[in-house]
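Chemist: Got a structure for you, written out below as structure tokens; questions coming shortly.
No value in this document is a laboratory result; all are computed from the given coordinates. Because the structure is predicted, anything quoted here is derived from the model rather than measured. So basically every Cβ, Gly included, is an ideal-geometry build from the backbone, and we count neighbours across all protein chains shown.
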Amino acid sequence: MANNLQDTVKLNNGIEIPWIGLGVFKVQDGEEVVSAVKAAIKNGYRSIDTAAVYGNEEGVGKAIGESLKENGLSREELFITSKVWNADQGYESTLAAYKNSLNKLGLDYLDLYLIHWPVKGKYKETWRALETIYNEKMVRSIGVSNFHVHHLEDLLQDSEIIPAIDQVEFHPRLAQKDLRKFCKDKGIQFEAWAPLMQGHLFDNAILKSIAEKHGKSIAQVIIRWDLQNGVVTIPKSIKEHRIIENSSVFDFNLTREDLEQIDSLNEDRRVGSDPDNFNF
Ligand SMILES: NC(=O)c1ccc[n+]([C@@H]2O[C@H](COP(=O)([O-])OP(=O)(O)OC[C@H]3O[C@@H](n4cnc5c(N)ncnc54)[C@H](OP(=O)(O)O)[C@@H]3O)[C@@H](O)[C@H]2O)c1
């Protein structure tokens, strides 16, 4: 269980990922992403989650470079994730996409590279490319995103390396119980995207009452619920005070009753696409 923002969990290959990171989906390249990432690192975040399709890898890279200098950190203290976009899936094109992401970020390796979505007929070739990148020691760990149990089962049949992570939509309205159990059994770390349901939970009465009881915000309660469930989480904000708020979750504990009440909010409801039915 995490005790501070820099605490990590060991992935199935021994690499450690911080429990909390900053997400930068829909954050504009340039000043917006640079200031968000710099604010996060200055305030103790060590993990940043971007993707080629977010179009902000250059800004993320600029912020990383400046943050290392300004905070006296070394590259090894950060954990940087990016993802291969759907249009780039396939063996050779994934190898090229990885190089392209590194160039944009100005880095010579990533800590985690993910298959962004399980594109039918393509994701196994894409995984083979990730295995090559990993075996050639160009990336510290590889994983998937938006994979259901059946995608993972299919992938595992032909893969040499078990994904270190499955990053999927997860929040109190989408419990993902079967997937969480499957991942646990296989040693795949479960990671939440849209942990705050992209803002759709902030007027929920149950969350409000739990938050009031602990003198915390709803965002903090949800992020704490992630941690107490063993889920790595990457809430996004471009506002420094929220970036700080979202990481100030180590001074309270949700009780078993709190956890059960939050679990009871599940409606299997998504804000994003279903990985079995996406058209991008
Ligand atoms: N693998 C995938 O397919 C996938 C898909 C989606 C997202 N992701 C990753 O997961 C990360 C998180 O998901 P997300 O960005 O979709 O949604 P999210 O983190 O659930 O919610 C972000 C929204 O909540 C607001 N917010 C953040 N902290 C807040 C607080 N303390 N109080 C009130 N509002 C708050 C943000 O606004 P402000 O910015 O204005 O504060 C933003 O509108 C992404 O950024 C991305 O890195 C991955």
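Chemist: Could you list, in sequence order, the residues of the range 45-102 that are within 16 Å of the ligand (Cβ to nearest atom) and free of Cβ contacts under 8 Å to residues at least 12 places away in the same chain?
Modeler: Of everything in the range 45-102, just one residue is within 16 Å of the ligand (Cβ to nearest atom) and free of Cβ contacts under 8 Å to residues at least 12 places away in the same chain, namely A87.
Chemist: On to the next question. For R256, which of the numbered conditions (1) more than 8 Å from the ligand (Cβ to nearest atom); (2) surrounded by 14 or more Cβ atoms within 10 Å (Cβ to Cβ) fails to hold?
Modeler: Single failed check for R256: (2).
Chemist: Something else now. Can you name the number of the only condition in (1) surrounded by fewer than 22 Cβ atoms within 10 Å (Cβ to Cβ); (2) in a loop (DSSP other than H, G, I, E, B) that K99 fails?
Modeler: Condition (2) is where K99 drops out.
Chemist: Which of the numbered conditions does T132 fail, given that it passes all the others? Conditions: (1) more than 22 Å from V60 (Cβ to Cβ); (2) surrounded by fewer than 21 Cβ atoms within 10 Å (Cβ to Cβ); (3) in contact with a Ser or Thr (Cβ under 8 Å, 6 or more places away or on another chain).
Modeler: Tallying (1) more than 22 Å from V60 (Cβ to Cβ); (2) surrounded by fewer than 21 Cβ atoms within 10 Å (Cβ to Cβ); (3) in contact with a Ser or Thr (Cβ under 8 Å, 6 or more places away or on another chain), T132 fails exactly one: (3).
Chemist: Would the range 158-175 turn up any residue that is basic (K, R) and without any contact (Cβ under 8 Å) to a residue 12 or more places away in the chain?
Modeler: no
Chemist: Can you say whether D251 is more than 10 Å from the ligand (Cβ to nearest atom), closer than 27 Å to A40 by Cβ, loosely packed, with under 15 Cβ neighbours inside 10 Å and among the charged types (D, E, K, R), as far as the supplied structure shows? Walk me through how you get there before you give the answer.
Modeler: Details: more than 10 Å from the ligand (Cβ to nearest atom): yes; closer than 27 Å to A40 by Cβ: yes; loosely packed, with under 15 Cβ neighbours inside 10 Å: yes; among the charged types (D, E, K, R): yes.
When the stated conditions are applied, D251 passes them.
Chemist: Okay, moving on. So which residues in the range 181-223 are more than 20 Å from L254 (Cα to Cα) and more than 13 Å from the ligand (Cβ to nearest atom), if there are any at all?
Modeler: Correct list: K181, F182, C183, K184, D185, K186, G187, I188, Q189.
Chemist: A further question follows. So in the range 232-242, with the set limited to residues that are crowded, with 22+ Cβ neighbours inside 10 Å and more than 8 Å from the ligand (Cβ to nearest atom), which one is nearest to K38 (Cα to Cα)?
Modeler: Here the answer is T233.
Chemist: From the residues in the range 66-96 that are among the polar types (S, T, N, Q) and under 21 Å from D29 (Cβ atoms), which one is surrounded by the most Cβ atoms within 10 Å (Cβ to Cβ)? Talk me through it step by step, then tell me what you get.
Modeler: Narrowing the range 66-96 to residues among the polar types (S, T, N, Q): 67, 71, 74, 81-82, 86, 89, 93-94.
Okay, now just the ones that are also under 21 Å from D29 (Cβ atoms), so 67, 81-82, 86.
On the way: S67: 21, T81: 24, S82: 29, N86: 18.
Within the range 66-96, the match that is surrounded by the most Cβ atoms within 10 Å (Cβ to Cβ) is S82.
Chemist: Here is a follow-up. Exactly one of (1) in contact with a His (Cβ under 8 Å, 6 or more places away or on another chain); (2) away from the ligand (no atom under 16 Å from the Cβ) is unmet by G106. Its number?
Modeler: The number of the failed condition is (1).
Chemist: Given the structure, is L227 over 20 Å from the mean Cα position of the chain (by Cα) and among the hydrophobic types (A, V, I, L, M, F, W, C)?
Modeler: Criteria not met by L227.
Chemist: Filter the range 32-73 for residues that are part of a helix (DSSP H, G or I) and of a type in the set (D, E); which is nearest to I238 (Cα to Cα)? Please lay out each step first, then the result.
Modeler: First, the residues of the range 32-73 that are part of a helix (DSSP H, G or I): 32-42, 52-54, 57-71.
Right, trim to of a type in the set (D, E) and you get 32, 57-58, 66, 70.
Values: E32: 7, E57: 15, E58: 16, E66: 17, E70: 19 Å.
Applying the filter and picking the extreme gives E32.
Chemist: Another question, then. Of all residues in the range 161-178, which are in contact with a Phe, Trp or Tyr (Cβ under 9 Å, 6 or more places away or on another chain) and more than 14 Å from the ligand (Cβ to nearest atom)?
Modeler: I161
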